[in-house]
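Take a look at the structure below.
The values are calculated or read from the model by the stated rules, or taken from the named source; none is laboratory data. Small disclaimer: the values here were computed from a predicted structure and weren't measured. Neighbour counts run over all protein chains shown; Cβ positions are idealised from the backbone, glycine included.
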Amino acid sequence: MQGNTITARNSSAILATNKLIRNTYILLSMTLLFSALTATLAITLRLPPITNLIATGGALVLMWFVLPRTANSSAGIGVVFATTGLLGLGLGPLLSMYLSMPNGPQIVATALGGTGAIFLGLSGYALTTKKDFSYLGGFLFTGFIVVLLASLLNIFLGIPALSLTVSAAVIMIMSGFLLYQTSAMVHGGETNYIMATIGLYVTILNLFTSLLHILGFASND
Amino acid sequence: MELALKIGTAALLVAMLIFLIPQAKNIYSNTRKGTTSEWLNFALITCGVFFFILILTKLV
C-alpha cells in the first residue's frame, strides 16, 4: 500500500516536471520568435544605438519588479513577451552594426547557429543525463558579478583585450547557467515555467551577443 | 552622445550590480558544494564549449 503511494507520488512528480519542461520550451520558442520580429523591426526602422540602452533598461525593470509579482498568473505571459520584445528591439541596432560589416551576414548567421548548437547540446545533456548541477549556483553568480565589474571598468578604459576576455568569460558562464537552469527544472529547483523561460531567454541572449562580439573580432583579424 | 551612452551603460551596470550582489550572496551561502568528479565534469564541458567557439572563429 505504502509502495503504491510512493509510486503514485513519483509518477505525479515526473508528470509535473515533463509539463514544466514542455511549457517552458514552447514559451521560449515563442518569445525567441517574437524578439526576432522586434529585432527585425528595429533594423528596418534603423533605430539609433541608444535604443539598446533604453530597451534593456525597460526590460530589466519589467524583469525585476513586475515579473516576480505576475509570474503565477496569466498576466506573467504578457510580461514575458513585453520583456523579450524590448530585449529584441534593443538587439536591433547591434545587429545592424554587424550586418554592415563586409562579412556581417556570415558573422550573424554563425553566431546564431553557434548559440543554437550550444543551447541544444547543453540542455540536451542536462535533460538526458539528469545530473544535478545545483552546485554551480554560487560559482556562476560570483563569476557573473566579476564579469559585470570588468565590463563597468572597460566602459571607460576601452581595452579591446579586456572586452574580448569578458565576452569569452560570459560564454563560459552562460554555458554553466544553461546546465544549472535546465537541471533546476528537472530536479524541482524551478517550478514556474514563466520564470524558467525568462532565465533561459536571457542566457541565450547573452550567449548570442558575446559570440557575435568574439566572431566579429575574429573576422577583423 | 557617445559619452551619454557610456554613462547610461555604466548606470545600468551599477543597477545590475546593486540588484544582483545580495542575490549572489544568498545563492553562494545556500548552494551545496560539488564533488571533485562533478567539477571535473563541468570543466570538461567548458573545454568542449571553448573548442567549439575556437572552430567557429576559424569559420568566419
Checklist entry - Does the stretch A:105-114 contain any residue that is among the small types (Gly, Ala, Ser), over 21 Å from A:PHE34 (Cβ atoms), at the interface with chain B (Cβ under 9 Å from one of its Cβ atoms) and without any contact (Cβ under 8 Å) to a residue 60 or more places away in the chain? => result no
Checklist entry - When A:ARG46 is evaluated against the numbered criteria (1) closer than 24 Å to A:ASN192 by Cβ; (2) touching a residue at least 24 places away in the same chain (Cβ under 8 Å); (3) not in a helix (DSSP H, G or I), which criterion, by number, is the only one it fails? => result (1)
Checklist entry - Looking at the stretch A:166-193, which of the residues that are away from chain B (no Cβ under 11 Å) and β-branched (Val, Ile, Thr) is surrounded by the fewest Cβ atoms within 10 Å (Cβ to Cβ)? => result A:THR191
Checklist entry - Looking at B:GLU2, is it over 21 Å from A:ILE145 (Cβ atoms), of a type in the set (D, E, K, R) and at pLDDT below 90? => result yes
Item to check | Matching residues in the stretch A:47-58 - criterion: being within 14 Å of B:THR9 (Cα to Cα), more than 9 Å from chain B (Cβ to nearest Cβ) and among the aliphatic types (A, V, I, L, M) | outcome: A:ALA55
Checklist entry - Within the stretch A:150-159, is even one residue more than 12 Å from chain B (Cβ to nearest Cβ) and surrounded by fewer than 20 Cβ atoms within 10 Å (Cβ to Cβ)? => result yes
Checklist entry - For the stretch A:115-133, which residues satisfy the criterion of being more than 11 Å from chain B (Cβ to nearest Cβ), within 22 Å of B:GLY34 (Cα to Cα) and not small (Gly, Ala, Ser)? => result A:LEU127, A:THR128, A:LYS130
Checklist entry - What are the residues in the stretch B:28-44 that are at pLDDT 90 or above, closer than 27 Å to A:THR209 by Cα and at the interface with chain A (Cβ under 7 Å from one of its Cβ atoms), if any? => result B:PHE42
Checklist entry - When the stretch A:76-94 is examined, which residues are found to be over 17 Å from the mean Cα position of the chain (by Cα) and surrounded by 14 or more Cβ atoms within 10 Å (Cβ to Cβ)? => result A:GLY76, A:PRO93
Item to check | B:GLU38 being of a type in the set (Asp, Glu) and closer than 19 Å to A:GLN181 by Cβ | outcome: yes
Checklist entry - So, of the residues in the stretch A:59-75 that are within 11 Å of another protein chain (Cβ to nearest Cβ) and without any contact (Cβ under 8 Å) to a residue 60 or more places away in the chain, which turns out to be farthest from the chain's Cα centre (by Cα)? => result A:PHE65
Checklist entry - Out of the stretch B:1-13, which residues are hydrophobic (A, V, I, L, M, F, W, C), more than 7 Å from chain A (Cβ to nearest Cβ) and part of a helix (DSSP H, G or I)? => result B:LEU3, B:ALA4, B:ILE7, B:ALA11
Item to check | Out of B:VAL60, B:VAL49, sole residue that is surrounded by 14 or more Cβ atoms within 10 Å (Cβ to Cβ), within 26 Å of A:SER219 (Cα to Cα) and either among the charged types (D, E, K, R) or over 17 Å from the mean Cα position of the chain (by Cα) (or both) | outcome: B:VAL60
Checklist entry - Does the stretch A:85-101 contain at least one residue that is under 23 Å from B:ALA24 (Cβ atoms) and out of contact with any Lys or Arg (no Cβ under 8 Å at 6 or more places or on another chain)? => result yes
Checklist entry - Checking B:LYS25 against (1) within 18 Å of A:ASN154 (Cβ to Cβ); (2) in contact with a helix residue (DSSP H, G or I) (Cβ under 9 Å, 6 or more places away or on another chain); (3) more than 7 Å from every other protein chain (Cβ to nearest Cβ), which test does it fail? => result (1)
